[in-house]
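To start, the structure itself, in structure tokens.
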Amino acid sequence: MSSGTVASEGADEAPIGAVQQTGKSAKKLHGMIFIGLAGLLLIAPFVLYPVFLMKVLCFALFASAFSLLLGYAGLLSFGHAAYFGMASYIAAHAAKVWGFTPELAILSGTLVGTLLGVVFGWLAIKRQGIYFAMITLALSQMVFFFCVQAKFTGGEDGIQAVPRGHLFGLIDLANDRVLYFVVAAIFLFGMIAIYRIIHSPFGQVMKAIRDNEPRAVSLGYRVNQYKLALFVLSTALAGLAGATKAIVFQLASLTDVHWSMSGEVVLMTLVGGLGTVFGPMVGAAVIVTMQNYLATLGAWVLVVQGFIFVACVLAFREGIVGLFAKRLKQPL
Amino acid sequence: MKRKTLTAAVAVTALLAGGSAFAQVPVKLGVLNDMSGLYADISGPGSVVAARLAVEDFKPESKGIKVEIVSADHQNKPDVGSTIARKWYDQDGVDVILDVTTSSVALAVSDVTKEKNKIFMISGGGTSDLTGAKCTANNVHWTYDTWALANGTGSAVTKAGGDSWFMLTADYAFGAALDRDTSEAVKKAGGKIVGSVKHPLSTADFSSFLLQAQASKAKVIGMANAGSDTINTIKQAAEFGITQSGQSLAGLLIFSSDVKSLGLQAAQGLKLTEAFYWDQTDATRAFSKRFAAAFGGKMPTSAQAGVYSSVLHYLKAVEALKDKDTTKVMAKMKELPIDDALFGKGSIRVDGRAIHPMYLYEVKKPEESKGEWDMYKVVATIPTEEAFRPLKDGGCPLVK
């Protein structure tokens, strides 16, 4: 990245990924974390309320998808709600009106997120830094107003009473716990995909572009193609999260395409830890838990969130997981 | 030693089992509405106070019922509302959800309630679809609905000479339903709709919409919106000189709290339909004084009064049954006649609509008012049979 505040932030984070190469010990650690995560996902619904957990998982995937773009390419998209929300509308519409089975509904939502990503990404990566962020924001606002006015989205009402249906036409998802395991599987799939992307040769090139774009160009990489590819991967995963959320809550509404959702996901990523694989999910868990348990405070939740964000930026800029990574001297 | 423990355990179990025979029926009521946004004055924290007063008056302990009240803010967002409803039903053991202003949220909560087979008693929510096309066996729509408002205000104003209308509609479920029902009422009374415009929920600037309304040359501008949206419309219409130039405003959903914040100077002459006004009878005055004492001197709105009455009716049904099984309680509530201190005599129909008289009021002129809260005078009483949409017209699948 060459200019703008975004680039400098990305550069700040660079040492974590750049100095400590993902060695053997780190790989072992990551494997253990993934196994631990799977174990945790297995036990969690018997301890906590499954619907709450599913919400956390959807947002964790969303935040991770967003952070893939910001953390590993230094591209701050301020319009990720568009892909998340649009996918959730399409999934809801597909399940309710077209009578799709849930897996097909989720797939069609994801597909729309991907296509939207191709178009918006192609436009947005032509600019860098703050201009890139502004273009993504503008495009996502267009999507928002489209959703307000379009017939099929139901305006302020949203698409309500979306059937959860039967997975593959066989497994009834009406039971929260059954649905939970489906969502957990989707989440794990998404996380492993993100992990693979980051640690693939493609991911290495992305990091190179993030840290020094002119050098990457001089080495013969077609930088914009790489950026677009990562942008689309990120929006596809964001779409996957949004589509899953629509099936879980049986509802797609304007909240999901509103710009504040784009802001929330930035918050989740920064609280959890920018440039870490596991940070955004921790951030999402923290923010969603707060919204859930502080719901009685009403609008004050936002104030509390603001304070936490300020505290986070002042006290530990690396985020929660970033802090651990620093202590362990291992990328997480 | 082992045997002793066992005996003790058995004894304790027996005691507990014996105890439960006299145990009270625990019921949990959830008041879900807009606690901080544009509809907070209409229902908001006041509805929680109303629910508490109802429980206080019912004296449930002496009747074998233990009541607990919880409340939450749905921020006028369907997703927030349905998430809270789901959590309340699944996790917190809530039996009944009350109030729920904002029709889009009410419809979302209605879906969740049906899925979980609990009870939903709507007071603040307005769309007549809740007892029409989208009715469920779990809904009781207590206070008012869009059909009743349109029928009251729409036909009264049209018959009084306002025969061409321009509709200014809030762009969500409630606005759409109110627009539809009003248009029907106006046409039925011999008027016509010359145009309409939709505005987003919670708008601050109505100028472009009001200019369209002004250009339409309609005699009446029908405001199919509510809360602060209506207040803003009325204030800005005055600034644009619309009311002075001969076009009149018809408020289709105006609560006493709205008139209070507008002031009589701005609101005078406005005709509106309501199910409840504090200064109706001795009983409503007595209740309202108690309510005001508990709620910082504010008189109850009809939505808040509706929460009070629906809680009483629910508790009566539970008392009669000594049970809170949803199907039984719903049947009992529909069987018991409503004889309510605040809403008069009525009943709950098979589609979940609670019927009672409605009133057409006119806002007093400042010089007519004798006190801070003396705001309305009755123009007409709409009898129970005519106040609500006929059962057969609603399209509710429960009506056979």
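The values are calculated or read from the model by the stated rules, or taken from the named source; none is laboratory data. Please read these numbers as outputs of a predicted model, since none were measured by experiment. Cβ sites come from the backbone with ideal geometry, for glycine too, and all protein chains shown count toward neighbours.
Is there a residue in the stretch B:275-283 that is of a type outside the set (Asp, Glu) and in contact with a His (Cβ under 7 Å, 6 or more places away or on another chain)?
Here is the first cut: in the stretch B:275-283, the residues of a type outside the set (Asp, Glu) are B:275-278, B:280-281, B:283.
Now restrict to residues that are in contact with a His (Cβ under 7 Å, 6 or more places away or on another chain): B:275.
Yes, there is a match, as at least one residue in the stretch B:275-283 is of a type outside the set (Asp, Glu) and in contact with a His (Cβ under 7 Å, 6 or more places away or on another chain).
Could you check the stretch B:93-117 and list, in sequence order, the residues that are out of contact with any strand residue (DSSP E or B) (no Cβ under 7 Å at 6 or more places or on another chain) and either in contact (Cβ under 8 Å) with a residue 24 or more places away in the chain or crowded, with 24+ Cβ neighbours inside 10 Å (or both)? It would help to see each step written out before you state the result.
So the first thing to find is which residues in the stretch B:93-117 are out of contact with any strand residue (DSSP E or B) (no Cβ under 7 Å at 6 or more places or on another chain), and the list is B:102-105, B:107-108, B:111-112, B:114-117.
If the condition is that a residue be out of contact with any strand residue (DSSP E or B) (no Cβ under 7 Å at 6 or more places or on another chain) and either in contact (Cβ under 8 Å) with a residue 24 or more places away in the chain or crowded, with 24+ Cβ neighbours inside 10 Å (or both), then B:Thr102, B:Ser103, B:Ser104, B:Val105, B:Leu107, B:Ala108, B:Asp111, B:Val112, B:Lys114, B:Lys116, B:Asn117 are the ones that fit.
Could you tell me whether A:Val303 is part of a helix (DSSP H, G or I), surrounded by fewer than 20 Cβ atoms within 10 Å (Cβ to Cβ), within 14 Å of another protein chain (Cβ to nearest Cβ) and among the hydrophobic types (A, V, I, L, M, F, W, C)? So that I can check it myself, show each step before the final result.
Working: part of a helix (DSSP H, G or I): yes; surrounded by fewer than 20 Cβ atoms within 10 Å (Cβ to Cβ): yes; within 14 Å of another protein chain (Cβ to nearest Cβ): yes; among the hydrophobic types (A, V, I, L, M, F, W, C): yes.
Taking the combined requirement at face value, the residue satisfies it.
Kindly provide the set of residues from the stretch A:127-168 that are of a type in the set (Phe, Trp, Tyr) and over 21 Å from B:Val80 (Cβ atoms), ordered by number. Lay out the reasoning, then the answer.
At the first step, the residues of the stretch A:127-168 found to be of a type in the set (Phe, Trp, Tyr) are A:131-132, A:144-146, A:152, A:168.
Correct list: A:Tyr131, A:Phe132, A:Phe145, A:Phe146, A:Phe152, A:Phe168.
Restricting to the stretch B:45-84, name every residue that is touching a strand residue (DSSP E or B) at 6+ places or on another chain (Cβ under 7 Å) and within 11 Å of chain A (Cβ to nearest Cβ). So that I can check it myself, show each step before the final result.
From the stretch B:45-84, those touching a strand residue (DSSP E or B) at 6+ places or on another chain (Cβ under 7 Å) are B:47-48, B:51-52, B:55, B:60, B:64-72, B:74, B:81, B:84; that's our starting set.
Residues satisfying the conditions are B:Val70, B:Ser71, B:Ala72, B:His74, B:Gly81, B:Ile84.
If only one of B:Ser309, B:Ser261 is buried (at least 18 other Cβ atoms within 10 Å of the Cβ) and within 21 Å of B:Gly44 (Cα to Cα), which one is it?
Details: B:Ser261 fails: buried (at least 18 other Cβ atoms within 10 Å of the Cβ).
Only one candidate passes the filter, namely B:Ser309.
Within the stretch A:153-172, which residues are assigned to a strand (DSSP E or B) and either closer than 16 Å to A:Val97 by Cα or within 10 Å of chain B (Cβ to nearest Cβ) (or both)?
Looking only at the stretch A:153-172, we keep the residues that are assigned to a strand (DSSP E or B), and these are A:159, A:166-167, A:171-172.
If the condition is that a residue be assigned to a strand (DSSP E or B) and either closer than 16 Å to A:Val97 by Cα or within 10 Å of chain B (Cβ to nearest Cβ) (or both), then A:Ile159, A:His166 are the ones that fit.
Is there any pair linking a residue in the stretch B:145-174 that is over 30 Å from A:Ala150 (Cβ atoms) to one that is in a helix (DSSP H, G or I), with Cβ under 6 Å and at least six apart or on different chains, and which?
B:Ala148/B:Ala387; B:Asn151/B:Ala185; B:Ser155/B:Ala185; B:Thr158/B:Val186
Find the residue count for the stretch B:135-162, including only residues that are at pLDDT 90 or above and in a loop (DSSP other than H, G, I, E, B).
Selection size over the stretch B:135-162: 8.
With the requirement that a residue be more than 14 Å from chain A (Cβ to nearest Cβ) and either under 15 Å from the mean Cα position of the chain (by Cα) or not charged (D, E, K, R) (or both), what does the stretch B:27-44 give you? I'd like the intermediate steps shown before the answer.
Taking the stretch B:27-44 as the starting set, the residues that turn out to be more than 14 Å from chain A (Cβ to nearest Cβ) are B:27-29, B:41-42.
Those that are more than 14 Å from chain A (Cβ to nearest Cβ) and either under 15 Å from the mean Cα position of the chain (by Cα) or not charged (D, E, K, R) (or both): B:Val27, B:Leu29, B:Asp41, B:Ile42.
Quick check: is even one residue across the stretch A:228-245 without any contact (Cβ under 8 Å) to a residue 24 or more places away in the chain and more than 12 Å from the chain's Cα centre (by Cα)? Spell out how you get there, then give the answer.
Quick first cut of the stretch A:228-245, residues without any contact (Cβ under 8 Å) to a residue 24 or more places away in the chain only: none.
No.
Considering each residue of the stretch B:85-130, count those that are assigned to a helix (DSSP H, G or I), within 12 Å of chain A (Cβ to nearest Cβ) and not hydrophobic (A, V, I, L, M, F, W, C), and give that number.
First, the residues of the stretch B:85-130 that are assigned to a helix (DSSP H, G or I): B:85-90, B:103-116, B:128-130.
Restricting the remaining residues to those that are within 12 Å of chain A (Cβ to nearest Cβ) gives B:85-90, B:103-116, B:129.
Still in the list and also not hydrophobic (A, V, I, L, M, F, W, C): B:86-87, B:89-90, B:103-104, B:110-111, B:113-116, B:129.
The number of residues fulfilling the criteria is 13.
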